[in-house]
Amino acid sequence: MTATAPERLTRLRRTNALLGLLHAAQGVAVLALSNGFALPVTGSFMEGPPGSGLGEARVLFDVSFAIGVAAFLFISAIAHWLIASPWYFPRYRAGLVAGRNYARWIEYSSAHQ
């Protein structure tokens, strides 16, 4: 027996809420299991008039790898919860019924900038 469209949309909303919980739990686990591994962010700047070349590269700051990964997971959790929220889900459902998934377009357009 196949589910009707309203049942499928209800399951989709529940799935998004659960995936938000899963991503948040993964973010917490990454932070709890992390060590002090960090990657340096370096920069070099011109040291004279245009065309004079770049100076020596120097470390500007370090970025914790675990915090970066956890931040990505927390952002994913927030996005899933936003889609499942009572404020956005009616609009999301209307878009899906019309054959459009605006949330996916927003996600993909911002992920590659």
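The values are calculated or read from the model by the stated rules, or taken from the named source; none is laboratory data. The shown structure was predicted, so the numbers you read here are calculated from the model rather than taken from an experiment. In this analysis, Cβ positions are derived from the backbone assuming ideal geometry, glycine residues included, and neighbour counts consider all displayed protein chains.
Considering only residues of the range 60-108 that are polar (S, T, N, Q) and farther than 30 Å from SER44 by Cα, which is modelled with the highest pLDDT?
Residue satisfying both the conditions and the ranking: SER85.
Given the conditions (1) more than 21 Å from the chain's Cα centre (by Cα); (2) in contact (Cβ under 8 Å) with a residue 60 or more places away in the chain, report the number of the one that GLU56 does not fulfil.
With respect to (1) more than 21 Å from the chain's Cα centre (by Cα); (2) in contact (Cβ under 8 Å) with a residue 60 or more places away in the chain, GLU56 is out only on (2).
Quick check on the range 34-53: of everything there that is in contact (Cβ under 8 Å) with a residue 12 or more places away in the chain and of a type outside the set (Gly, Ala, Ser), which residue is nearest to LEU19 (Cα to Cα)?
First, pick out the residues of the range 34-53 that are in contact (Cβ under 8 Å) with a residue 12 or more places away in the chain: 34-44.
Subset that is of a type outside the set (Gly, Ala, Ser): 35, 37, 39-42.
Working: ASN35: 26, PHE37: 27, LEU39: 29, PRO40: 32, VAL41: 32, THR42: 36 Å.
For the range 34-53, the residue satisfying everything is ASN35.
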